Structure formats: structure tokens, C-alpha cells
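Novice: What follows is a structure written as C-alpha cells; I'll ask about it next.
The values are calculated or read from the model by the stated rules, or taken from the named source; none is laboratory data. All values reported here derive from a predicted model rather than from experimental measurement. Note that each Cβ is placed from the backbone with ideal geometry, even for glycine, and that neighbours are counted across all protein chains shown.
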Amino acid sequence: KQKNAHQLEFLQAVEEIFLSLVPVFEKHPEYIKHNILSRIVEPDRIISFRITWQDDQNNVQVNRGYRVQFNNVVGPYKGGLRFHPTVNESIMKFLAFEQIFKNSLTGLPIGGGKGGSDFDPKGKSDSEIMRFCQAFMTELYRHIGPDVDVPAGDIGVGGREIGYLYGQYKRIRGAYEAGVLTGKQPRYGGSLARKEATGYGLIYFVEQMLQDAKLSFLNKTVVVSGSGNVAIYAIEKAQHFGAKVVACSDSNGYIYDPDGIDLKLVKEIKEVKGDRIKTYVDYRSNATYTEGCNNIWTIPCDIALPCATQNEIDGEAARTLLANGVKVVAEGANMPSNLEAINIFLDNGVLFGPAKAANAGGVAVSALEMAQNSGRNYWSFNEVDEKLHGIMKSIYLESKTAAENYGHPGNLVVGSNIAGFVKVANGMISEGVY
Ligand code: NDP
């Protein structure tokens, strides 16, 4: 704690995992002997670098870039790149740390990493985004590779940015190494269903939670935060399963549509026009817009799906959701609920799907994209979607079983942390001390 005193998000992520691991250490003293905890919280390396680029007015701009290569016991470092002004070392480390266990849970050969920059893509022209991505990759390329470290997208990094990053990597390396980045557009090496994977995967995970509780999505009221990649495809699949999604948001505020969100309109606003979510109410007479995001959790719902960013549900929001009768909370974003909120859900019988299990669908399909790139072939949308569905079912089952085996039945936080951790810890022991 002293070493990382100012890294609050990282400490929060470590605390959540370590609290879950108490029963593991009681059963497995070998993890203590091998000092696994002290080793696993220290990243293999953190790369931090300057990015210099020119804006449209020819001003020279400087940003900071990061790549945290946390653990590669299970496979090459793997995790997204985030471009957002809030990016700092603590956020990069928390995301990379979480990614180790999430990636291990998928059952696929991928280790944990994360990266990004404090660059703010909002309001930037397409040329500025391209020049920034090229400058970013001009430094990053020397640290990554299909068998070394495979970045993908995250907040502020979608198909367009991955395209510019990949183009620059190829230019520098002079080789066609498609497996160096995932989230590429399908026409040049990307996987079909990658764009949909995190959102769809979240809904497949919740489907399992509901089935076990003898419930279903049919006619359930759902609130989703965010209106980015994860949120949009979570809404799409929830609607497909018969749910009524009534709200979503962006970083300025949220919309409430009592008739159910018109997803085609949301896609037009966010994906095509790149506009703010508030413009939704210009087209839908019964919909309302509220400035500020926090109060989105005051909207009564059966299922709450936070899909925007970290720490968006605190104790107060959790108590409000509970008072309004929420039955399921599942995390599309990374660490959207703080520890107090998680405990409120778990202590009051709310079915809670933690991020590292519930949102693992994106990275799982990224690993499938790597497999397609190595095999130099393409799978159909349905083939990938079916594999995704199977992976989410097995993540749910593994988390549920670990929770039962370690004396916390129904607690998927404990279950997913343990199931993800044990594989990595065993790998570390078998590879010796280094
Ligand atoms: P996007 O950039 O596509 O969308 C993010 C959404 O969240 C936008 O609507 C954005 O609003 C909103 N948002 C961002 N920051 C804040 C904030 N500080 N307060 C309120 N709202 C905010 O990102 P993704 O959908 O890809 O990622 C969302 C979350 O899911 C992140 O936590 C990410 O780490 C996680 N995740 C993503 C995966 C993926 O495959 N993409 C995989 C697994 C997890 P605005 O438009 O105003 O910026």
C-alpha cells in the first residue's frame, strides 16, 4: 500500500481481489510459500513514453502514453488501449491487473496488460486522430508483437483508431503481422462479432444468472449506462431477448425513454454522427434528458448494466437501486461499482455479475481474432457468436463452481476472482522463480 499510496484505483482493484482470496490461501499454503501475492501485484514492466504530434493548426502537442505489461504466464500480454484525459498510471495498472484474471477466466491463452494515453479524442478531427495514433505507435511498436503483447481498443479507441495504429505498425515493421492488434475492422484482418462481443457477452452472462434464478430477460426493465461500444451492443442483445431498455447515457448526461430506447436512433447519434446523447430527445417526444450521469441509477429497473466507466455506482446509488427493486446488476464496464456498492448488492440478495467475468466477452473474441489471424482464415459471424456464447456460459459456470467450492455459494465476485487467480498462480509456480 505504501509503495502505491497515490494509486487509488489500483489499490481498490487489488483489495477487491485479495479479500476474495482468503479461502484460497487457507486451502493452498503453497501460494504463501511461493510469495505469490507480492509477486502478482508487481507488473512485469510499465512503459511510459512521450507522444508528440501536430494539431490542425500546426501547434505541437504533447501527451503521455503507457503500456503496462502485467503478467504473461497464461499467454502474451493482452488488453486494450484507452484514450481519455483521465488516464494515469493508477488507472492503467488497475485495468491491467484486472485483465490478468479476466483473461485467465476465458480459458484462452492470453496474459494481462493495458495501455493508453491522456489524449482527449473529443472534438479532434479525423486527421488529428490519425496523426496522434501514428505518433503513439511510433513508440509503442518496439514493445509489442503477436507473441509478445497484443493491444486492442477500450474507451476512445475503436475500429478507426485501431486501423491507424495498425497501419503505422505495419509501415514501421515492414511485415504483415495481423495478430499484433485486435479489434481491426473485419475487412482487413478483424473478426466478425468483435464489435458486438463485450455487450453481447455481458447479456449472455446475465442470461445464465437469470436462468439459475428461474428468471429471464422477457419484459424486464433495464437501465444501461454509457452509449459507447459496450453499451450499444448490450442494449441490442437485451432487446433481442425481450427486455425493455429505458435509459442510457454519455459523460454529459442520460436519456430516459419510457417507450423503450430506439437503438437505431442511438446508433445514428453515437456511431454515425458522433454526437451527444442529449440530441435523442429531439426525435422522441416522450423521452427526457437529464444533465449529469449519476442520477441514472434513480430510474427504477429490474436489471442495471453499468457500461460506461469505473466507480459509477457508489453506496448511495446502490441503495437507491435496491430500494427501487433491482434484481440483477452486471458490470459491462471495468470496476463500475465501488466496494461499498458491491457489498450492498451481495448482502441484500441482488444477483451481481462482476466485470472480470461479465465483460470478458470482448477479450475472448479478441483471442479468437488472434486465432483466425494465425490460421490465416475467417470465421462467420454466427461461428464467432456461438463460440462467444459458449465461453460466457463456461465463465459463469467456472465462477459459480469456484464460489461453491470455496464456501461462498452464489458470490460470483469471490468465484471469478478465485477461478482466474488459481490458474495464474499455478502457472507462476510451475515456471519457477524469475
Ligand atoms: P466507449 O468509448 O465506446 O464508450 C464509453 C461510454 O462511456 C461513452 O458513452 C462515454 O461517454 C461514457 N463515459 C466515458 N467516461 C465517462 C465518465 N467519466 N463518466 C460517464 N460516462 C463516461 O468505451 P467502451 O464502451 O469500449 O468501454 C466502456 C467500458 O467498458 C470501459 O470501462 C471499458 O474499460 C470497458 N470494457 C470495454 C471493452 C470493449 O471491448 N470495448 C471490453 C471490456 C471492458 P462520452 O461519449 O461522453 O465519452
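Novice: On the given criteria, is GLN61 farther than 22 Å from VAL433 by Cβ, at pLDDT 95 or above and not in a helix (DSSP H, G or I)?
Specialist: Details: farther than 22 Å from VAL433 by Cβ: yes; at pLDDT 95 or above: yes; not in a helix (DSSP H, G or I): yes.
Yes: the conditions hold for GLN61.
Novice: Filter the range 258-280 down to the residues that are closer than 27 Å to LEU321 by Cα and more than 16 Å from the ligand (Cβ to nearest atom), then identify the one that is surrounded by the fewest Cβ atoms within 10 Å (Cβ to Cβ).
Specialist: Only one residue tops the list, namely ASP259.
Novice: Consider ILE203 carefully, then state whether it is in the same structural domain as GLN310 (by TED's automatic domain parsing), aliphatic (A, V, I, L, M), crowded, with 24+ Cβ neighbours inside 10 Å and within 18 Å of PHE352 (Cβ to Cβ).
Specialist: Yes; evaluated as a whole, the condition is true for this residue.
Novice: Inspect all residues belonging to the range 157-180 and state whether any of them is over 28 Å from VAL384 (Cα atoms), among the basic types (Lys, Arg), modelled with pLDDT of 95 or more and over 19 Å from the mean Cα position of the chain (by Cα).
Specialist: Yes, because at least one residue in the range 157-180 is over 28 Å from VAL384 (Cα atoms), among the basic types (Lys, Arg), modelled with pLDDT of 95 or more and over 19 Å from the mean Cα position of the chain (by Cα).
Novice: What number of residues within the range 216-243 satisfy the criterion of being among the aliphatic types (A, V, I, L, M) and in contact with a Phe, Trp or Tyr (Cβ under 9 Å, 6 or more places away or on another chain)?
Specialist: Pass one, the range 216-243, residues among the aliphatic types (A, V, I, L, M): 218, 222-224, 230-232, 234-235, 238, 243.
Narrowing the set further to residues that are in contact with a Phe, Trp or Tyr (Cβ under 9 Å, 6 or more places away or on another chain) leaves 218, 223, 234, 238, 243.
Result for the range 216-243: 5.
Novice: Kindly indicate whether ASN88 is within 20 Å of MET392 (Cα to Cα) and within 16 Å of the ligand (Cβ to nearest atom). Please lay out each step first, then the result.
Specialist: Working: within 20 Å of MET392 (Cα to Cα): no; within 16 Å of the ligand (Cβ to nearest atom): yes.
The answer is no for ASN88.
Novice: In the range 66-96, what residues are part of a helix (DSSP H, G or I) and out of contact with any strand residue (DSSP E or B) (no Cβ under 6 Å at 6 or more places or on another chain)? Full working, then the answer.
Specialist: Going through the range 66-96, the residues part of a helix (DSSP H, G or I) turn out to be 89-96.
Within the range 66-96, GLU89, SER90, ILE91, PHE94 qualify.
Novice: Also, I was wondering about something else. How many of the residues making up the range 106-163 are part of a strand (DSSP E or B) and farther than 24 Å from LEU368 by Cβ? Explain how you work it out, then say what you get.
Specialist: Initial filter on the range 106-163 (part of a strand (DSSP E or B)): 112-117, 145, 149-152, 154, 157.
Among the residues that remain, those that are also farther than 24 Å from LEU368 by Cβ are: 117.
Within the range 106-163, residues that are part of a strand (DSSP E or B) and farther than 24 Å from LEU368 by Cβ number 1.
Novice: Anything in the range 185-238 that is under 24 Å from ARG276 (Cβ atoms) and among the hydroxyl-bearing types (Ser, Thr, Tyr)? List them, or say none.
Specialist: THR198, SER225, SER227, TYR233
Novice: In the range 235-254, which residues are away from the ligand (no atom under 11 Å from the Cβ), without any contact (Cβ under 8 Å) to a residue 60 or more places away in the chain and under 23 Å from the mean Cα position of the chain (by Cα)?
Specialist: The first filter runs over the range 235-254 and keeps only residues away from the ligand (no atom under 11 Å from the Cβ), leaving 235-247.
Checking the rest, the ones that are also without any contact (Cβ under 8 Å) to a residue 60 or more places away in the chain come to 235-237, 239-242, 244-247.
Residues satisfying the conditions are ILE235, GLU236, LYS237, GLN239, HIS240, PHE241, VAL245, VAL246, ALA247.
Novice: Something else now. Just a yes or no: is a residue in the range 217-227 without any contact (Cβ under 8 Å) to a residue 60 or more places away in the chain, more than 11 Å from the ligand (Cβ to nearest atom) and surrounded by fewer than 24 Cβ atoms within 10 Å (Cβ to Cβ)? Explain how you work it out, then say what you get.
Specialist: The first filter runs over the range 217-227 and keeps only residues without any contact (Cβ under 8 Å) to a residue 60 or more places away in the chain, leaving 218-219, 227.
Applying the additional criterion that residues be more than 11 Å from the ligand (Cβ to nearest atom) yields 218-219.
Checking the rest, the ones that are also surrounded by fewer than 24 Cβ atoms within 10 Å (Cβ to Cβ) come to 218-219.
The answer is yes, given that some residue of the range 217-227 is without any contact (Cβ under 8 Å) to a residue 60 or more places away in the chain, more than 11 Å from the ligand (Cβ to nearest atom) and surrounded by fewer than 24 Cβ atoms within 10 Å (Cβ to Cβ).
Novice: ILE172 passes all but one of (1) part of a helix (DSSP H, G or I); (2) of a type in the set (A, V, I, L, M); (3) touching a residue at least 60 places away in the same chain (Cβ under 8 Å); (4) not assigned by TED's automatic domain parsing to the domain that holds VAL224; which number fails?
Specialist: (3)
Novice: Related question: Quickly run through the range 125-158 and pick out the residues that are surrounded by fewer than 17 Cβ atoms within 10 Å (Cβ to Cβ) and either within 13 Å of the ligand (Cβ to nearest atom) or of a type in the set (Ser, Thr, Tyr) (or both).
Specialist: Result: SER125, SER127.
Let's see how each residue does on (1) of a type in the set (Val, Ile, Thr); (2) within 19 Å of the chain's Cα centre (by Cα); (3) at positive phi; (4) surrounded by 24 or more Cβ atoms within 10 Å (Cβ to Cβ):
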{"residue": "ILE344", "(1), (2), (3), (4)": "yes, no, no, no"}
{"residue": "ASN348", "(1), (2), (3), (4)": "no, no, no, no"}
{"residue": "VAL363", "(1), (2), (3), (4)": "yes, yes, no, yes"}
{"residue": "MET370", "(1), (2), (3), (4)": "no, yes, no, yes"}
{"residue": "GLY375", "(1), (2), (3), (4)": "no, no, no, no"}
{"residue": "TYR378", "(1), (2), (3), (4)": "no, no, no, no"}
{"residue": "ASN382", "(1), (2), (3), (4)": "no, no, no, no"}
{"residue": "HIS389", "(1), (2), (3), (4)": "no, yes, no, no"}
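Novice: Do we have ALA234 as surrounded by fewer than 24 Cβ atoms within 10 Å (Cβ to Cβ), modelled with pLDDT of 95 or more and either touching a Leu at 6+ places or on another chain (Cβ under 7 Å) or among the basic types (Lys, Arg) (or both) here?
Specialist: On the way: surrounded by fewer than 24 Cβ atoms within 10 Å (Cβ to Cβ): no; modelled with pLDDT of 95 or more: yes; either touching a Leu at 6+ places or on another chain (Cβ under 7 Å) or among the basic types (Lys, Arg) (or both): yes.
No; evaluated as a whole, the condition is false for this residue.
Novice: If you don't mind, there's one more thing I want to ask. Restricting to the range 321-342, and then to whatever is over 19 Å from the mean Cα position of the chain (by Cα) and farther than 25 Å from ILE232 by Cβ, can you tell me which residue is farthest from the ligand (Cβ to nearest atom)?
Specialist: So the residue we want is GLY325.
Novice: Residue by residue through the range 255-284, note down the ones that are touching a residue at least 12 places away in the same chain (Cβ under 8 Å) and among the small types (Gly, Ala, Ser).
Specialist: Matches in the range 255-284: GLY260 only.
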